[in-house]
1. Here is the link list: Lys479/Lys576; Lys257/Lys347; Lys271/Lys427; Lys26/Lys100; Lys26/Lys84; Lys154/Lys660. Which ones come out longer than 24 Å on Cα distance?
2. For segment 167-176, in order, what is each residue's ³J(HN,Hα) by Karplus, 6.51 cos²θ - 1.76 cosθ + 1.60 with θ = phi - 60°, in whole Hz (x at glycine and Pro)?
3. So what is the relative contact order of the chain, in percent, for Cα pairs below 8 Å that sit 6 or more residues apart?
4. In percent, how large is the relative contact order of segment 216-274, given Cα pairs closer than 8 Å and 6 or more residues apart?
5. In square nanometres and to one decimal, what's the mean projected area of the convex hull around the Cα atoms of segment 264-344?
6. Please report the relative contact order for segment 263-302, taking Cα pairs under 8 Å with a sequence separation of at least 6, and give it as a percent rounded to a whole number.
7. Give me the base-10 log of I(q)/I(0) for segment 423-484 at each q in 0.26, 0.27 Å⁻¹, Debye formula, one uniform scatterer per Cα, rounded to two decimals.
8. To the nearest 10 degrees, how steep is helix 2-21 against the longest Cα principal axis of the chain, on a 0 to 90 scale?
Amino acid sequence: MKTIYLKFLYFFAFLISVMHFSQSIKITGKVSYKNKGIAAVNVTLKDTYDGATTDKDGNFSFETSEKGDQILSFSHSKYIEVEKNISISNQNLIIDTELKEQINEIDAVVITAGSIEASDKNRSAIISPLDVYTTAGSDAQISSYLTYLPGVQKVGESEGIAIRGGTGTEAKIFMDGSLINNYFSNSVPGIAGRDRFNTSLFKGNIFSSGGYSALYGQALSGVLILESVDLPDQSSYDFGISPIFLNAGFQRVNDDKTYSYGASAGYSNLKLMQEVLNFNTDFNKPPSGFNGDLNFRIKTKSGGFIKYYGMFSNDLMGVKTASLNPDSQYSLVDLKGKNIFHNLSFKQKFGKYLLNIGSSYSFNRSDLNFGTETNGVQSEPARLLTDGNYLNFKTVLERKINRKVTARGGFELNHAHEELSVYEVRKDYKDLISSAFLETDLSLSNRFSAKAGVRAEYSSYLKESNFAPRFALAYRLDKDWTTSLAYGIFYQNPESRYINSPAKLDFQQSQHYIFQVQRTADGRSLRLEAFYKKYDDLIKVQNIANIPGQYQPVQTAVNNQGNGFAKGAELFWRDKKTIKNIDYWVSYSYLDSERDFMNYPMTLKPGFASQHTVSVVAKRFFPEIKFQTNLSFNYAKGRPYYDIISENGANIIRNEGSLKDYSSLNLSFNYLPNIGKKDAKAFTVFVLSVSNVLGRKNMYGYNFSNDGNFRSAVVPPVNTFVFVGAFINLGVDKTQDAINNNL
């Protein structure tokens, strides 16, 4: 035993002596980027365990006993890996290395000037379907939700998205790249139409309040880009029930998750709520409607995707209001509306190229009958019938040339055919807008990005063309702060409802200048944005027909001599981190805008633009009991109003003033219990929502009598509205999504 022990000692001593006499070589150096040291770079001899990590100044040092030809590797997640061939002999080595920045989608700065989105994982999710559903006062509508974000005005008397001093019709909405005509339901004067589309249909929503991409056009103010969901996680059944609607639907997906199909149907009627609540509007025919939709999605063997969505809806409504004119007691209007919509899209990669093809078709009928009533006797109604057929086709081809450059281009066709009849006015309007566009994204570094594009259009009706350059820049100031700058020229045809005569018209034009500073970190977002918009070639109109009992005559565009501007600043702060289980945000917008357009006799502050708007939203979630309470507040400084009439061939202002300030406090409560077995996948939401809790009597404007001596306020259909409903999904449990959305 002693002998073995002594042999082991001798052998151990021999190893120590060998190691002692083996000469170790020290390798040192500095790793830098643009002559500045880089910390945390891994420096290693390839296929060995020898190496080191650079310090804060980029210096490294380590020893190795390796000899001969070796490879020294330098790696860092934000820089391109470098390998150097070295030869190790008996002398220490000094190896200095300069790295190049690696452009990657995660770290690259993203251009955000004028836009808020939720579909891009590089950005904080600001808009999501669950966000819309759980915001008090949004009424589960994306367009209503947007009024709680900076730049969007609360215009309750007409549908649309009024952005930064623009009318509601100056913003366009797209689904999977294709234009949606008639996104809103048919409406009567003074009552805004609602969103036709179910919010849960979309997985990502990009809202641009200006400076948007060259892929989109025909919008003077901004765009809302909606991306529909892909394949569902699994088959499911949906049910919704409330005092005003009933709907049901299903989605089926195959086991391999290569295709799915589904359908839904719903019916709505406001009659019950009209009897329970004190409505301002006398609906002699309560708003009601029936709708249905169907869809399918196919994932091809080569990785492509085909999506189809089809929808139809019918609307009925009748309104009776006290007349301001002595020749009648009441004004009457009846609405019968019909809408059909189809959307088909295809996406496929071909080698280095990504092809997107989309098309949409919609038919819309608005059948309005206007009349008066005196002593129970109704006049012969005046019928205003409008039929519209709209077809959109769009192709985009994209190629990622390298890590720094992505290019895309394509063309778009928009065809519109509208027929209108009222009294002696007959219109058969046709127009084909042909567009081509090019755009490139340049990731010059992880700190600096740029986007440049151009769009050209030709209108067959106007027989005019346009050319619109656009560009944007973004720079990362530090880890959490970025700044963006955007500029662009944007064109839009005159609204077809004002094309009722053969006047020679041209495109309307706006120019956008936007500067933004943004900080996003630790569940908190801060956005500061300043903008300036210049309007040229806006349309001017004149009256061509009066409708009995109505205060807005049929008008037609006569020239493009209008102009205007809008400038302002906005602030948006959102915090989901500071207070546990509480998500809140604050939005403020300042707007200075003037226009000479439509029937304005001079340059005026528009009647749809408020100088100051403030929104506050807060959501408190209780994970233990799966209960959520939501609060929102909206304030807008009183807008100007005008009573403009035509007299001796000239437009004059007969009455004018300012409305009282608008404000609304809204509350909603959501309960999300699990239903069925513990391991069953199901999702249920019980909702109680109260809009304008304090019952403030808001108004949107005035109607005036023919002689201007009497007026009546344009008000919401009801001051305070209470909604109670339940939404049940059997098949997919989204309870955790609701929890994650508020943590």
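1. From the list (Lys479/Lys576; Lys257/Lys347; Lys271/Lys427; Lys26/Lys100; Lys26/Lys84; Lys154/Lys660), the Cα-Cα distance tops 24 Å for Lys271/Lys427; Lys26/Lys100.
2. Once θ is set to phi - 60°, the couplings for segment 167-176 become 6, x, 8, 8, 10, 10, 10, 10, 10, 6 Hz.
3. 10
4. Once normalised by length, the contact order is 28 percent.
5. If I average the Cα hull's projected area over directions, I get 7.9 nm².
6. Relative CO of segment 263-302 lands at 57 percent.
7. -1.02, -1.05
8. 70
All of the numbers you see were taken from the coordinates with simple rules; none came from a lab. It should be emphasised that the depicted structure is a prediction, and the values quoted were computed from it without experimental measurement. So basically every Cβ, Gly included, is an ideal-geometry build from the backbone, and we count neighbours across all protein chains shown.
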